[in-house]
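All remarks here apply to the structure that follows.
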Amino acid sequence: MPKSITGSIVIEGQEIQVSNPDKLLWPEAGITKLIYLQKLTELSPYLLPYCRDRLLTTIRYPGGIHGTFFYQKNAPEPLPDYVRTVHHEEIRYIVLNNLPTLLWLGNLAAIEFHPSLHYIGENLPCEWMIDLDPSLEEEPRIMEAAAFVGEVLDSLGIASVPKTSGATGIQIIVPISHGITFDELRLIGHFVARFVTEKRPDLFTIERMKKDREDKIYFDYLQHYAGKTLAAPYTPRARLAASVSTPLLWEEVRQNPSPADYHLLNIGERLARYGDLLSTIPPQPVDVIISHLQRTGAGSGGKP
């Protein structure tokens, strides 16, 4: 990508208009829109696979991360020819399948990318995602909590990959085979959630109301519903450090890193070293555990 952009760039044969390239989107990190577009290009081989063929919600910050922001589901007008859309429940969603679309969104100051948990035209989850949500703005125990859940999953014969949300929380991702349902994931999620809260009641809660959680970390097993979204792996976040939602090694989790350690200015070096950690494990045998829970009634699914 050229060092300076005055009006447009050509990517994959498509001309993309660029406005205000010197606009500071992350002032504290010194990241302008031009730098952001460069970093999105660097992230694209990793970010795009987790947005492809899903319903996309973005969060736009036209004035930078300290300015007014808004969630965007409906595609704005005018749309370039290379931007694909799909109608779902009276919303015209953007389908983020290629680099030109990603950079077009970047020029619109779309900073966060939140895809649906299912593919377009399906009602089946793409993966199992456990969301650990702190009740405190600064939670020094979040990595401890993630490590504990990872150990529980490992004891069940389930390999997983932790990732920072890029904000305060952490998600644990388990690849699954196609055909498992949202109801089944809530069943096994509830089972694991109950287990960890019984073993570590000082650390975890399954209390949905934030006001009733005290200082505990919420194990969200109810996240799995069609239409729900979660921050995509490798999405940037509107935080001071320009953090990126980053998959980690379990040994890194045990070293208690901060989500702010992984950001737009160093993510390229990390990806060059580790690649996509989420692609390193195959679909896991969660169906075996789900079948056991269904037979024995040892777990029960929750409803929002």
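The values are calculated or read from the model by the stated rules, or taken from the named source; none is laboratory data. Computed from a predicted model, the values in this text were never measured in an experiment. Backbone-built Cβ (ideal geometry, glycine too); neighbour counts: all protein chains shown. The protein model used for the area step is the full one, side chains on, heavy atoms only, and it has no ligands, DNA or RNA in it. Shrake-Rupley method; radii C 1.70, N 1.55, O 1.52, S 1.80 Å.
Within the set Leu96, Leu56, Leu43, Leu37, the sole residue that is within 16 Å of Leu117 (Cβ to Cβ), touching a helix residue (DSSP H, G or I) at 6+ places or on another chain (Cβ under 7 Å) and crowded, with 19+ Cβ neighbours inside 10 Å turns out to be Leu96.
Looking only at residues of region 157-194 that are touching a Pro at 6+ places or on another chain (Cβ under 8 Å) and hydroxyl-bearing (Ser, Thr, Tyr), we find that the one that is farthest from Ser291 (Cα to Cα) is Thr168. Annotation note: Cβ proximity below 9 Å between a residue of region 114-125 that is without any contact (Cβ under 8 Å) to a residue 24 or more places away in the chain and a residue that is surrounded by fewer than 22 Cβ atoms within 10 Å (Cβ to Cβ) and not in a loop (DSSP other than H, G, I, E, B) (sequence gap 6+ or interchain) occurs for Gly121/Val86; Gly121/His88.
Does region 136-156 include one or more residues that are more than 22 Å from Asn256 (Cβ to Cβ), touching a residue at least 40 places away in the same chain (Cβ under 8 Å) and not basic (Lys, Arg)? Yes, region 136-156 contains at least one residue that is more than 22 Å from Asn256 (Cβ to Cβ), touching a residue at least 40 places away in the same chain (Cβ under 8 Å) and not basic (Lys, Arg). Can you tell me which residue is most open to solvent (accessible area, probe 1.4 Å) among those in region 78-93 that are of a type outside the set (A, V, I, L, M, F, W, C) and over 25 Å from Thr41 (Cβ atoms)? My answer is Glu90.
Filter region 5-41 down to the residues that are modelled with pLDDT under 95 and under 17 Å from Val244 (Cα atoms) and list them by number. Listed by number, the list is empty, since nothing qualifies. Candidates in region 99-125 are the residues that are in contact with a Lys or Arg (Cβ under 8 Å, 6 or more places away or on another chain), surrounded by 19 or more Cβ atoms within 10 Å (Cβ to Cβ) and among the hydrophobic types (A, V, I, L, M, F, W, C); of these, the one that is farthest from Glu77 (Cα to Cα) is Leu117.
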